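Rule-based calculations on the coordinates, nothing more; no lab input. Note that the structure is predicted; figures quoted are calculated from it, not measured. All Cβ positions, glycine included, derive from the backbone under ideal geometry; neighbour counts span all protein chains shown.
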Amino acid sequence: MPLARHALAARLWLGLLLACVIGAAPAQAQDGVTELLATLKARASAPASAASDAGTPPADPRLVQRATRETQKDDERILADITARLSRNRAFAHVRAAVQAGVAELDGHVADNDARQLATKVVSAIDGVVAVENQLTLKTDFGARLGETANIAKERALRTLALVPLLLMAAAVVWLANLLGRWLANHLHIVRLDSRNPYLGTLVRRAIRTGFVLAGLLVALDLLEATALVTAVLGSAGVVGIVLGFAFRDMAENYLSGIMLSLRRPFEPGDHVRVDSFEGKVVSLSTRNTVLMTLDGNELRLPNATVFKAVLLNFTHNPNRRLAFQLGVGYGEDLRRAQDLGVTTMAAMQGVLADPGPSASIDRVGDSAVTINYYAWVDQRQTDFVKARSEAIRLVKTALEDAGMDLPEPIYRVQLTAPEGGAPTDTAALPAAPAPALAPPPAAPAPVDPQALARTQADVSPNTELDAQIAQERARNAARDMLQSPGSKPD
């Protein structure tokens, strides 16, 4: 302790001596002496217990002052960078900034919360910014917001106006692609893609036109630098396709069935067909429905999927068609004679084909008559089937009746029996039944005079009542008809 007191006293004397010298020393030396005195005073005033902390000396004031000056320079640089960056964005026109020790303070107002967050990001990206204290408020003035909206709209309008030349060029590319696709589709014979199937040729034409238009759209979007949109659309096409497939499953099924029907061609316009229980003449085939006209003149629309999966009977595909009908002849008649007479009568009819010729066969023995089936063939291109069958029935029935043959109506035998215990019938009182007369031998069938038969025969020419109506319907639906005739012009 005495040694410490002596050391302290020595320091004080040394300080007094230096104080005396300060008056005659220059300014720089005075600063150094002042710093030295401050250091000595701080050490002298420290308690004795601080002697154990001699390993952590206090900061040098000169270094502190130098660091302070450098921090001020950094704050000035940061403030300049913040001011320059905010001034380049019109959304920050009313934003004021201040920097202190690397902490940026933003004050003022902006249009919306997005601009407020953007200001924080812009300032945080500047080198040297330690933290950002965002005190910006949202602008609630309606007029100011309306002005900001008008400025944004004006900028976008100017940007769109600048893109007008590119838009015109893109539209020209799409138009040229469509024009080229249409020309190539109408000249398929040049590239040997035409087909005898009318709809197949139409399908190829539409595919070519669609492909050229899509290619033109891709080129146009590339000119507009919108290829990212194409990528997004193509990427979502799979999901959209699945959703649309479930939503429009029936429509897609009918469309595909229509394509298959047009390629297979199970019928032609005007054919007389029967689809399950539906019957009529074919009018047209669209992408969704098969249009028939019933024999009553009514329009019948059947889904293509139903037609494609149903049992389809085409009465017109083969021009030769066989008519058939039945007549009942009595038990006592000569069945061979009845067959020959019917065949001879039908052979003399106009419209009945000689090859194959008419025929007849015994079908069954009924309760009161023997049923005979009569058959004949007609050419539907020259003879109406319904008229010919009607005339055949009338003429054969008339010929059998003129030959004296019995065409009996249904006869039912009723047997009466005596009640039990009743008196027996006196057979002696009953008159004797006359002996049956012998039946005359069957005579040969009389020859049929074709000229006389022709004078009594009705008209059996093809029925054209529905032809005009079908032609009108086909003309009305020509744009959507997939059953174009080979000579028709494609749409």
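Which FRET efficiency value, to the nearest 0.05, is calculated for A418 and Q382 with the Förster distance at 56 angstrom and r the Cβ-Cβ distance?
Details: r = 65 Å, r/R0 = 1.17.
Step by step, r from the Cβ atoms, then E = 0.30.
Mind giving me the nanometre distance, one decimal, between the label points for A207 and Y331, set 7 Å out from Cα along Cα→Cβ?
With each label point 7 Å from Cα toward Cβ, the separation is 7.1 nm.
How large is the Rg to Rh ratio of the stretch 329-402 when both quantities use alpha carbon positions and Rh follows Kirkwood? Each step should come with its number before you reach the end.
Working: Rg = 12.7 Å, Rh = 12.8 Å.
Expressed as Rg/Rh, it is 0.99.
In nm, give the distance between the simple-model label positions of T120 and E253, each being 7 Å from the Cα along the Cα-to-Cβ direction.
Rounded to a tenth, the inter-label distance reads 5.7 nm.
Report, in whole Å, the centroid distance computed from the Cα atoms of the stretch 380-399 and the stretch 89-152.
98
Report the calculated FRET efficiency for R156 and L218 (r = Cβ-Cβ distance, R0 = 30 Å), to the nearest 0.05. Kindly include the intermediate steps, with their values, before the conclusion.
Numbers: r = 25 Å, r/R0 = 0.85.
Rounded to the nearest 0.05, the efficiency is 0.75.
Can you give the FRET efficiency to the nearest 0.05 for D355 and T398, using r as the Cβ-Cβ distance and R₀ = 30 Å?
Details: r = 26 Å, r/R0 = 0.85.
For D355 and T398, the calculated efficiency is 0.70.
Pop a pseudo-label 7 angstrom from the Cα along the beta-carbon direction at both D340 and S368 and give the gap in nm to one decimal.
Distance between label points: 2.9 nm.
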